[in-house]
Amino acid sequence: MIAIKNERELAIMRRACKITAAARALAGEMVKPGITTKQIDTAVHDYIVSQGAEPACLGYYGYPASVCISVNDAVVHGIPDDYVLKDGDVVSVDLVAKWGGFHGDCAATFACGHISADAQKLIDVTKQGFYEGLRFAKYGYRVSDISHAVQTYVESNGFSVVRAYVGHGIGAQMHEEPEVPNFGKPGRGPRLLPGMTVCIEPMVNQGVYNVRVLKDGWTAVTTDGKNSAHYENTVLITDGEPEILTVTEGL
Ligand code: MF3
Ligand code: CO
């Protein structure tokens with residue numbers, strides 16, 4: 001059963017999502033050569049707590065930090081540590097805040113200093129892949145219409161979409177039905193209805209789509225060692241245009 005959120009619940013989700021989006025912006029501003037990923041994690045943690053919210057990744061199935069920071073060939077779920085960011089790094093941040101019992105979830109990839117043209121294209125195509133999917137995040141379409149749009153756009157730009165991780169519904173739980181893959185044939189899966197809240201989150205690789213998980217049990221990396229990027233927002237399905245909830249305006 002896919003939860004339909006009522007207006008009371010949506011008001012809470014909007015606030016949770018704004019806090020999440022502001023934390024993403026803070027993390028993005030901190031991405032500079034010389035800073036450690038742990039310093040970014042501490043700042044994100046303290047910001048979320050300062051807003052009366054909870055960093056929902058912290059302790060989630062034992063995950064040890066408030067924000068996932070995945071550098072270069074890391075795809076998702078990288079663990080902040082003493083690694084010092086350097087010029088040319090491709091830095092993905094992914095975080096979840098819980099406020100008033102509801103979750104917001106968003107991600108983005110940031111350039112650290114000067115990055116290659118190829119890496120910038122990867123970041124740009126990943127973000128635009130989200131917007132291509134968003135065109136189908138509407139009453140009248142099915143979940144896999146989003147998936148198909150993301151895959152078609154990304155592959156037409158010469159990159160691959162990760163299969164091992166997918167987008168998801170979100171609300172009182174961080175991960176709810178439905179799964180929202182970034183690949184697949186159109187016209188499949190549940191029908192999208194007003195009041196559903198979903199995370200659309202393309203994970204895009206420069207090379208092959210295959211990933212493996214490091215011995216830390218979390219960090220997913222590309223098997224060919226090439227770069228990966230990620231872009232995600234929490235989105236409300238309405239009876240018209242979708243509403244991106246993870247925005248900073250009006251916080
Ligand atoms: N946005 C990530 C996801 O949906 C958040 C994961 S938090 C973690 O998978 F604890 F699992 F890392
Ligand atoms: Co997510």
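The values are calculated or read from the model by the stated rules, or taken from the named source; none is laboratory data. The shown structure was predicted, so the numbers you read here are calculated from the model rather than taken from an experiment. Neighbour counts run over all protein chains shown; Cβ positions are idealised from the backbone, glycine included. All accessible areas refer to the heavy atoms of the entire protein, side chains included, with ligands and DNA or RNA removed. Shrake-Rupley method; radii C 1.70, N 1.55, O 1.52, S 1.80 Å.
Residue 29 fails exactly one of the following numbered conditions: (1) acidic (Asp, Glu); (2) outside any loop (DSSP other than H, G, I, E, B); (3) touching a helix residue (DSSP H, G or I) at 6+ places or on another chain (Cβ under 8 Å). What is the number of that condition?
Status for residue 29: all satisfied but (3).
Report whether or not residue 69 is touching a helix residue (DSSP H, G or I) at 6+ places or on another chain (Cβ under 6 Å) and among the β-branched types (Val, Ile, Thr). Step through it out loud before you land on a result.
Details: touching a helix residue (DSSP H, G or I) at 6+ places or on another chain (Cβ under 6 Å): yes; among the β-branched types (Val, Ile, Thr): yes.
Judged against the criteria, residue 69 is a match.
Which number in (1) within 16 Å of ligand 2 (Cβ to nearest atom); (2) touching an Asp or Glu at 6+ places or on another chain (Cβ under 8 Å); (3) basic (Lys, Arg) marks the one condition that residue 38 misses?
The single condition residue 38 does not satisfy is (1).
Within segment 116-128, is even one residue over 21 Å from residue 208 (Cα atoms) and away from ligand 2 (no atom under 13 Å from the Cβ)?
Of segment 116-128, the ones over 21 Å from residue 208 (Cα atoms) are none.
There is no residue in segment 116-128 that is over 21 Å from residue 208 (Cα atoms) and away from ligand 2 (no atom under 13 Å from the Cβ).
Return the total of residues in segment 173-198 being within 20 Å of the chain's Cα centre (by Cα) and not in a loop (DSSP other than H, G, I, E, B).
7
Among the residues of segment 156-173, write down those that are of a type in the set (Gly, Ala, Ser), open to solvent by 50 Å² or more (accessible area, probe 1.4 Å) and touching a strand residue (DSSP E or B) at 6+ places or on another chain (Cβ under 8 Å).
Residues of segment 156-173 of a type in the set (Gly, Ala, Ser): 156, 158, 160, 164, 167, 169, 171-172.
Keeping just the survivors that are open to solvent by 50 Å² or more (accessible area, probe 1.4 Å) gives 156, 158, 164.
164 - this is the single residue of segment 156-173 that is of a type in the set (Gly, Ala, Ser), open to solvent by 50 Å² or more (accessible area, probe 1.4 Å) and touching a strand residue (DSSP E or B) at 6+ places or on another chain (Cβ under 8 Å).
Condition first: buried (at least 24 other Cβ atoms within 10 Å of the Cβ) and closer than 22 Å to residue 1 by Cβ. Now tell me which residues in segment 210-236 satisfy that.
234, 235
How many residues are within 13 Å of ligand 1 (Cβ to nearest atom) and of a type in the set (A, V, I, L, M, F, W, C) if we restrict to segment 28-47?
1
Filter segment 32-42 for residues that are β-branched (Val, Ile, Thr) and open to solvent by 50 Å² or more (accessible area, probe 1.4 Å) and give the result. Please lay out each step first, then the result.
Step one: list which residues in segment 32-42 are β-branched (Val, Ile, Thr), which gives 35-37, 40, 42.
Within segment 32-42, just 42 meets the criteria.
For the structure I just gave you, tell me whether residue 3 is under 30 Å from residue 190 (Cα atoms), among the aliphatic types (A, V, I, L, M), free of Cβ contacts under 8 Å to residues at least 60 places away in the same chain and surrounded by fewer than 18 Cβ atoms within 10 Å (Cβ to Cβ). Let's see the steps before the verdict.
Numbers: under 30 Å from residue 190 (Cα atoms): yes; among the aliphatic types (A, V, I, L, M): yes; free of Cβ contacts under 8 Å to residues at least 60 places away in the same chain: no; surrounded by fewer than 18 Cβ atoms within 10 Å (Cβ to Cβ): yes.
Here the answer is no, as residue 3 does not meet what is asked.
Quickly run through segment 191-209 and pick out the residues that are of a type outside the set (A, V, I, L, M, F, W, C) and surrounded by 15 or more Cβ atoms within 10 Å (Cβ to Cβ).
Going through segment 191-209, the residues of a type outside the set (A, V, I, L, M, F, W, C) turn out to be 191, 194-195, 197, 201-202, 205-207, 209.
Listed by number, the residues that qualify are 195, 197, 201, 202, 205, 206, 207, 209.
Answer yes or no as to whether residue 251 is touching a helix residue (DSSP H, G or I) at 6+ places or on another chain (Cβ under 6 Å), away from ligand 2 (no atom under 16 Å from the Cβ) and either open to solvent by less than 20 Å² (accessible area, probe 1.4 Å) or modelled with pLDDT under 95 (or both).
Values: touching a helix residue (DSSP H, G or I) at 6+ places or on another chain (Cβ under 6 Å): yes; away from ligand 2 (no atom under 16 Å from the Cβ): yes; either open to solvent by less than 20 Å² (accessible area, probe 1.4 Å) or modelled with pLDDT under 95 (or both): yes.
Considered against the rule, which asks whether it is touching a helix residue (DSSP H, G or I) at 6+ places or on another chain (Cβ under 6 Å), away from ligand 2 (no atom under 16 Å from the Cβ) and either open to solvent by less than 20 Å² (accessible area, probe 1.4 Å) or modelled with pLDDT under 95 (or both), residue 251 comes out as yes.
If the Cβ limit is 8 Å and pairs must be 6+ apart or interchain, which residue in segment 145-168 that is within 16 Å of residue 227 (Cα to Cα) pairs with which residue that is more than 16 Å from ligand 2 (Cβ to nearest atom) and charged (D, E, K, R)?
Every condition considered, the pairs that remain are 157/121; 161/155.
Looking at (1) buried (at least 19 other Cβ atoms within 10 Å of the Cβ); (2) in contact with an Asp or Glu (Cβ under 7 Å, 6 or more places away or on another chain); (3) touching a residue at least 40 places away in the same chain (Cβ under 8 Å), which is the only condition residue 182 fails?
With (1) buried (at least 19 other Cβ atoms within 10 Å of the Cβ); (2) in contact with an Asp or Glu (Cβ under 7 Å, 6 or more places away or on another chain); (3) touching a residue at least 40 places away in the same chain (Cβ under 8 Å) applied to residue 182, the lone miss is (2).
Does segment 16-28 contain any residue that is over 14 Å from residue 92 (Cα atoms) and open to solvent by 30 Å² or more (accessible area, probe 1.4 Å)?
Yes, the conditions are met somewhere in segment 16-28.
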